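The values are calculated or read from the model by the stated rules, or taken from the named source; none is laboratory data. As the structure is a computational prediction, the values presented were derived from the model and not from experiment. Please note: Cβ atoms are built from the backbone with ideal geometry, for glycine as well, and neighbour counts cover all protein chains shown.
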Amino acid sequence: MRYDSITEAIGNTPLVRIDPAVHGLRNIDLYAKLEMLNPFGSVKDRPAWHMARPHLEGADGEGTVVELSSGNTAKALALLAGMHGLKFRSVTNRMRVPEIKELLLLLGAEIEELPGRSECLDPTDTDDPLTHFHRALSDPDSTYLHTDQYFNPRNTEAHAAGTGPEIVKDLDGRVPDWFIACVGTAGSSTGVARVLREHDPAVRVLGLVAHKSDFIPGIRTIDEVHQVGLFDPGTYDTIESVTSGEAIDGMVTLIRRCGLLSGPTGGAAYQGAVRHLQDADAELDGTGERRTAVFIVCDRAESYLSYVRRRRPELLGQVNRGHTAASLTDAEAQAEARAIAVADARRWTAEGDPRPLVVDLRSPHAYAALHIEGSVNIVDEVFDELVRGGLPFSKRTPVLLACPVGEKSLRYAALLTRMGHPDVRSLAGGIVAWRDAGAPLVRE
Ligand SMILES: Cc1ncc(COP(=O)(O)O)c(C=O)c1O
C-alpha cells in the first residue's frame, strides 16, 4: 500500500467476526466494523475529512478551522488542519477526559472551553452559550472555517459513501439483519442505516445512547441526543441506553478476549448488541437459520485510562474502595441518599443548628453566575477525587449537596452516607429548582 497522503488511508476498515465462544449467541454471527483503525484513530476520520475538505482546499493556508468537539472529531480536524498549514480551534463546554485534552494540545489544537448548558449550567441564562457560539460561527460573515458536525449533512454522507457500502461488500453483498451503533452526532448510524435500508429495508437498526445521568465519552444520553441536528428518531428501530459500567465491561471483553483495542463506545456497542440480540437468538434455536449483526468499534482504549481508573480502578491494578459515585447504580443512589426539598433546604440553611455546609458541585462558571449564599464550590470531578481519599468533612458537620438538577448530588449523598456520614442531603431538583422556587441566589 503506497499513498501520497495519509488522507488516502481513511476508510476501508476491517470487518472482524467476534468468536461465538465469547459472545455466546448460537445463531447469530456478530461482526465488528473496526473504525478505530482509521489513520487518526476513529470513526470520525471519515466525516472530519469529508466536512473539512471543501474548506481546506479553498483556504490558501489562511484561517482557522473550528468545531464544537472535545474528542475524536477534534483530533482528526487538528491533524487535517495542520497538514494544510491551518490552525484548528476546538470549542467545547468542558474537556472531561484529560488525556484527550493533552493529546489535542500535542496535535496543535487551540482549546476554548465555554460554559455550556448541558454540563455547566448558568441559571440566569436560558440560552446555552454553546448555542450562541454555534450561531455566531454559522454567520455568513464569520472568518472561521466551521465544519459544523452536528448539522452538516456531509457528516452523514461520509458514512453513506464509505462505512455502509464497505459493510455490504465485506458481507459478500448481503445486508446484516441488525446494525448497531452508538449515537454521538448521529452521523455514522444515520449514514450507514440509510445505505443498508436502500439495499434491504428489513434491516433493523439499534441506536445506543448513554444511560441518563451517566457519561460515556463520545456519545449522548437520550435527553441530549434530541439537541443534535442530524438526529432523526426514524433512523432507529430501537434506541436503548447503556451504562458506563456496561461500556467498560464490553471494552474489557473486546480487549482481553478478542484482541480488539476498543475504547468505551466500542464496548458499549458490543455489550448493547449482545444484550439486545439474546432474545432473537433464543427464538432462532432449532430453526436452523442463521442471522448476521454488525456493530461499530469507534475508537481505541489508550485515551481512556483515567476514565477507567475512576470507575474501575481494580482493572488498573489499584484498590477499589468503592468510593466513587460512578460505581453506584441509580437504584442504590435513590435508596441510600436523602434528598431535601427546596422549602426545607431553605429553612435548614437559614435556621439549622448547626447550619449545613452547602457544597455546590457545578462548574466555576455556573457557580460564579449564581449560587446559594455561603456555599462552597467544589466541581464534581474534584469532589470525586476528594471523596476517593475518604470523607472530606467532619461527621459533625451536616452537608447539603447541590448540582444543576439534583442527579449528581443524589449520587454523592448516597456515597457519603455509605462512607458513614450521618447527615448529608441532596438538594432535590438542584439549583434549577431552587431558582424556580424564587429562593435567593447571589452572584460572585
Ligand atoms: C468515541 C466515539 N464513539 C462514538 C461516536 C458516535 O459517532 P457519531 O458522531 O457518528 O454518532 C463518537 C462521535 O464522536 C465518538 O467519538
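Annotation: of all residues in the stretch 1-17 being of a type in the set (Gly, Ala, Ser) and either surrounded by 10 or more Cβ atoms within 10 Å (Cβ to Cβ) or not assigned by TED's automatic domain parsing to the domain that holds GLU166 (or both), the one that is farthest from ILE167 (Cα to Cα) is ALA9. From the list ALA428, ALA413, the one residue that fits, being buried (at least 23 other Cβ atoms within 10 Å of the Cβ), touching a strand residue (DSSP E or B) at 6+ places or on another chain (Cβ under 8 Å) and closer than 19 Å to GLY352 by Cβ, is ALA413. Among the conditions (1) assigned by TED's automatic domain parsing to the domain that holds ALA32; (2) of a type in the set (Asp, Glu); (3) more than 30 Å from VAL192 (Cβ to Cβ); (4) buried (at least 19 other Cβ atoms within 10 Å of the Cβ), the only one that ASP299 does not satisfy is (3). Residues of the stretch 380-428 that are in a loop (DSSP other than H, G, I, E, B) and in contact with a Gly (Cβ under 9 Å, 6 or more places away or on another chain): LEU391, LYS395, PRO398, CYS403, PRO404, VAL405, GLY406, GLU407, MET419, ALA428. Can you tell me which residues in the stretch 162-186 are over 23 Å from GLU240 (Cα atoms) and either at pLDDT below 90 or within 14 Å of the ligand (Cβ to nearest atom) (or both)? Selection gives GLY162 alone. Between a residue in the stretch 22-44 that is in the same structural domain as ILE10 (by TED's automatic domain parsing) and part of a strand (DSSP E or B) and any residue that is more than 16 Å from the ligand (Cβ to nearest atom) and acidic (Asp, Glu), which pairs come within a Cβ distance under 6 Å, given they are 6 or more apart or on different chains? Matching pairs, first to second residue: ILE28/ASP281. Filter the stretch 67-81 down to the residues that are more than 10 Å from the ligand (Cβ to nearest atom) and modelled with pLDDT under 95, then identify the one that is surrounded by the most Cβ atoms within 10 Å (Cβ to Cβ). Looking at the filtered set, the residue picked out is GLU67. For the stretch 216-263, a residue qualifies if it is of a type in the set (Ser, Thr, Tyr) and within 14 Å of the ligand (Cβ to nearest atom), and the qualifying residues are THR221, THR235, TYR236, SER244, SER262. Counted as qualifying within the stretch 316-377 are the helices (runs of 4 or more DSSP H) with 3 or more residues that are aliphatic (A, V, I, L, M) and surrounded by 14 or more Cβ atoms within 10 Å (Cβ to Cβ), namely 364-369.
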